[in-house]
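Heads up: the structure comes next, in structure tokens.
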Amino acid sequence: MLSDVALVVRGGTIVDGTGKPPFKADIRIQGDRIVEIGPDLDTTGCEEIDATGCHVAPGIIDIHTHYDAALFWDPRADPISLHGVTTILIGNCSLGLAPVRAADVDMLGSLFSYIEDLPRDLFASEIPWNWVSFPQYAATMRDRPWGVNIAALVSHSLLRQYEMGGKAWSDPASPDQARAIATTAEAAMVSGAFGISTSRFDRSPAGDPVPSFHADDAELSGLFKAVASHGGLVQVIADLSDTETWIRDLRRFGEHAGRDNVPVVSNGIYQRADYPAQAAALLEAGRDMQRDGIPFYHMVSPRSIELLVSFKQSMLFIYVPAFNEVVQPSLSREEKLSMLADPEWRVRARFDWDNMKGGFPSNGAERSLRIIKVGTPANEHYLGKTFDIILDARQGHPADVIADWVIENDLEAEFVHRYTNTDPEAVAELLAAPENVIGASDAGAHVGMFDGAGDSTCVLAEYVRDRKAMTIEEAIARMTGDLAQLIGLADRGIIRTGKIADLFVFDLDALHWAPEIKVTDLPNGHARFRRPPGGIRYTLIGGKIVQQDGRYLSGLHGRFLGPADRTVATGVDRSARR
């Protein structure tokens with residue numbers, strides 16, 4: 001039943017999500033729907049949002065998040081809606097929370113928390129686990145209000161574990177098992193899943209490939225047909241061992257996608273200074289598949305991938321033998337500290353550092369390391385800052401300065417290393433390439449290293465306003481209407497009469513994409529990195545204002561989306577924008 005009181009978004013410039021030029025108009029909302037669009041609407045008896053000087057756009061759709069577990073301890077998925085996001089896709093990377101048998105819950109918690117860098121204990125203390133099947137999980141999710149709309153994929157690895165037990169981790173499925181996996185996937189689709197996610201890259205804490213790695217083409221064929229029968233999509237992480245293997249894997253999935261006309265979204269494509277040819281090779285592979293009529297897309301993010309640099313255990317120092325000795329987990333704390341202080345070790349460390357041929361931390365990478373953990377309160381004011389501050393203040397050889405810093409912080413020193421998307425011009429080309437869709441935020445994961453929320457603000461502030469790499473209508477379409485087509489959102493992604501009133505209002509000049517800040521606000525005293533608000537004026541979900549000027553308003557107005565919210569997932573049609 002519609003609300004008696006209408007809400008009018010007045011005086012704004014609408015960017016409607018189709019790629020068409022912006023236009024001035026008001027928007028009337030009644031209940032959760034847009035009921036009228038036009039200039040100078042009568043606002044008598046209406047509540048008003050003053051959008052003068054602002055753009056009004058469809059709510060951002062983030063198609064690569066990992067809030068699956070975090071929603072249970074943070075139902076707002078903070079701070080995603082503060083950056084204009086109104087719908088998220090979870091269940092990515094062959095991870096999720098269902099289907100799962102009771103005997104496998106602990107395994108799942110261990111796997112998910114390890115791969116996505118989340119507090120392990122919260123999987124036991126905060127998630128109810130009152131489901132086994134995906135339909136039961138979907139029912140639980142629909143019984144709760146959320147701070148954002150949620151669409152979900154079903155995990156291929158969990159489907160295999162559910163039907164094959166321990167054999168899922170080592171064996172191809174038998175014909176009967178493959179049919180059972182496809183049937184269970186189809187049941188998930190019937191209950192509202194938007195497709196499946198699969199991975200040939202991720203590993204368990206013990207180093208074992210995840211179950212989806214072991215699927216053969218017969219099993220994949222059954223899954224693709226199950227997804228196709230309900231108009232879903234497939235998200236895939238290929239085997240990333242090297243570029244050639246990566247591309248070969250993507251083409252394998254592309255063959256299935258082409259046969260069944262199922263959109264495939266690849267995990268991500270990034271600019272890399274140490275391997276500049278990789279992005280070009282991946283783009284060309286995407287072009288080849290699209291020329292063949294395959295609905296295949298790479299995701300691309302404006303942000304860098306960031307890696308944790310720890311002196312307790314790390315693979316990053318393999319090109320600096322002296323430091324690689326220090327970070328081996330077999331050494332005790334005392335042995336590590338003694339080695340770092342040893343004058344003979346220091347001589348070797350300086351030599352190894354100066355004779356690096358490549359890899360981390362060559363090319364001055366140590367200067368851009370972001371400090372995320374210290375071992376003494378006296379150094380806490382450095383948290384979030386880059387290590388160049390320490391290097392410039394203390395002088396000396398970088399190997400010595402780092403060793404002294406680690407000793408000073410009692411081996412608790414940790415950094416984040418930014419190793420992709422370091423060239424904004426190259427990133428702008430990836431964002432604009434038609435083979436790609438804007439996604440890959442990874443929001444909700446790796447909270448001890450970064451906060452992936454805010455890609456939308458970064459695109460608009462840096463690549464539309466500051467660099468003018470895209471028009472505002474193109475950028476908005478790529479983050480809204482294109483993604484609604486791609487994943488099959490029926491009534492979202494564009495501003496039209498009759499569509500759901502998921503919107504955000506922003507002054508382009510007021511947007512800012514700020515570095516994350518470390519906060520301790522998770523259950524059981526856990527810390528995380530949090531992206532500050534981005535200057536979005538309003539975010540509306542279903543016609544309700546959920547945030548204003550970076551402040552949450554009362555109530556949770558998002559919901560878990562289901563069959564009624566889904567249409568057929570398709571490739572992205574940009575022909576109207578050419």
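Summary table
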{"read-out": "Every residue from the range 50-82 that is in a loop (DSSP other than H, G, I, E, B), β-branched (V, I, T) and crowded, with 24+ Cβ neighbours inside 10 Å", "value": "I63"}
{"read-out": "Of residues in the range 1-49 being aliphatic (A, V, I, L, M) and assigned to a loop (DSSP other than H, G, I, E, B), the one surrounded by the most Cβ atoms within 10 Å (Cβ to Cβ)", "value": "V15"}
{"read-out": "Hey, P302 touching a residue at least 40 places away in the same chain (Cβ under 8 Å), buried (at least 16 other Cβ atoms within 10 Å of the Cβ) and touching a Pro at 6+ places or on another chain (Cβ under 8 Å) or not", "value": "no"}
{"read-out": "Answer residue from the range 21-40, given it is more than 30 Å from the chain's Cα centre (by Cα) and in contact (Cβ under 8 Å) with a residue 60 or more places away in the chain and is nearest to A461 (Cα to Cα) among those", "value": "I27"}
{"read-out": "Residue check, R478 closer than 30 Å to M189 by Cα, at pLDDT 95 or above and outside the structural domain of G192 (by TED's automatic domain parsing)", "value": "no"}
{"read-out": "Checklist (1) under 14 Å from W146 (Cα atoms); (2) touching a strand residue (DSSP E or B) at 6+ places or on another chain (Cβ under 6 Å); (3) not acidic (D, E) applied to I536, failing item", "value": "(1)"}
{"read-out": "Selected residue (criterion: farthest from A426 (Cα to Cα)) from residues of the range 252-279 that are at pLDDT below 95 and of a type in the set (G, A, S)", "value": "G268"}
{"read-out": "Check on F123, assigned to a loop (DSSP other than H, G, I, E, B), among the aromatic types (F, W, Y) and under 20 Å from the mean Cα position of the chain (by Cα)", "value": "no"}
{"read-out": "So V347, is it loosely packed, with under 14 Cβ neighbours inside 10 Å and either at pLDDT 90 or above or not small (G, A, S) (or both)", "value": "yes"}
{"read-out": "Cross-chain or 6+ apart pairs with Cβ under 7 Å, the range 365-381 first and free of Cβ contacts under 8 Å to residues at least 24 places away in the same chain, then outside any helix (DSSP H, G or I) and buried (at least 17 other Cβ atoms within 10 Å of the Cβ)", "value": "E380/V374"}
{"read-out": "One residue from E425, E366, E380, E412 being assigned to a helix (DSSP H, G or I) and surrounded by 14 or more Cβ atoms within 10 Å (Cβ to Cβ)", "value": "E366"}
{"read-out": "The range 101-111, residues that are modelled with pLDDT of 95 or more and either among the hydroxyl-bearing types (S, T, Y) or under 19 Å from D202 (Cα atoms) (or both)", "value": "D104, V105, D106, M107, L108, G109"}
{"read-out": "Those residues of the range 55-70 which are among the hydrophobic types (A, V, I, L, M, F, W, C) and more than 16 Å from I37 (Cβ to Cβ), in sequence order", "value": "I60, I61, I63, A69, A70"}
{"read-out": "Test: residue in the range 83-99 that is crowded, with 21+ Cβ neighbours inside 10 Å, within 19 Å of the chain's Cα centre (by Cα) and part of a helix (DSSP H, G or I)", "value": "yes"}
{"read-out": "Conditions (1) surrounded by fewer than 24 Cβ atoms within 10 Å (Cβ to Cβ); (2) on the phi < 0 side of the Ramachandran plot; (3) out of contact with any strand residue (DSSP E or B) (no Cβ under 8 Å at 6 or more places or on another chain): number failed by K518", "value": "(3)"}
{"read-out": "Extreme residue, nearest to I495 (Cα to Cα), among residues of the range 530-576 that are over 21 Å from the mean Cα position of the chain (by Cα), of a type in the set (A, V, I, L, M, F, W, C) and crowded, with 22+ Cβ neighbours inside 10 Å", "value": "L540"}
{"read-out": "Number of positions in the range 33-48 that are out of contact with any Asp or Glu (no Cβ under 9 Å at 6 or more places or on another chain) and closer than 19 Å to R492 by Cβ", "value": "2"}
{"read-out": "Qualifying residues in the range 100-121 (those that are touching a Leu at 6+ places or on another chain (Cβ under 9 Å) and surrounded by fewer than 20 Cβ atoms within 10 Å (Cβ to Cβ)) - the one farthest from P563 (Cα to Cα)", "value": "D117"}
{"read-out": "Residue match in the range 432-454 (condition: under 27 Å from L283 (Cβ atoms) and part of a helix (DSSP H, G or I))", "value": "yes"}
{"read-out": "Selection count, the range 196-211, where residues are farther than 12 Å from A185 by Cβ and at pLDDT 95 or above", "value": "4"}
{"read-out": "Unique residue being of a type in the set (S, T, N, Q) and over 32 Å from the mean Cα position of the chain (by Cα) when the list is T65, T13, T18, T43", "value": "T43"}
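Residue by residue, here is whether (1) of a type in the set (A, V, I, L, M, F, W, C); (2) within 30 Å of H526 (Cβ to Cβ) holds:
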residue: V309; (1), (2): yes, yes
residue: Y319; (1), (2): no, no
residue: F323; (1), (2): yes, yes
residue: P329; (1), (2): no, yes
residue: L337; (1), (2): yes, yes
residue: E344; (1), (2): no, no
residue: A349; (1), (2): yes, no
residue: S368; (1), (2): no, yes
residue: I372; (1), (2): yes, yes
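Here's the yes/no breakdown for (1) assigned by TED's automatic domain parsing to the domain that holds L411; (2) touching a Lys or Arg at 6+ places or on another chain (Cβ under 7 Å); (3) within 20 Å of L483 (Cα to Cα); (4) assigned to a loop (DSSP other than H, G, I, E, B):
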site: G254; (1), (2), (3), (4): no, no, yes, no
site: V262; (1), (2), (3), (4): no, no, yes, yes
site: R272; (1), (2), (3), (4): no, no, no, yes
site: R287; (1), (2), (3), (4): no, no, yes, no
site: G293; (1), (2), (3), (4): no, no, yes, yes
site: H298; (1), (2), (3), (4): no, no, yes, no
site: K312; (1), (2), (3), (4): yes, no, no, yes
site: A322; (1), (2), (3), (4): yes, yes, no, no
site: Q328; (1), (2), (3), (4): yes, no, no, yes
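The values are calculated or read from the model by the stated rules, or taken from the named source; none is laboratory data. Since the model is a prediction, treat every value here as computed from it, not as a measurement. Here Cβ is always computed from backbone atoms with ideal geometry, including for glycine, and neighbour counts include all displayed protein chains.
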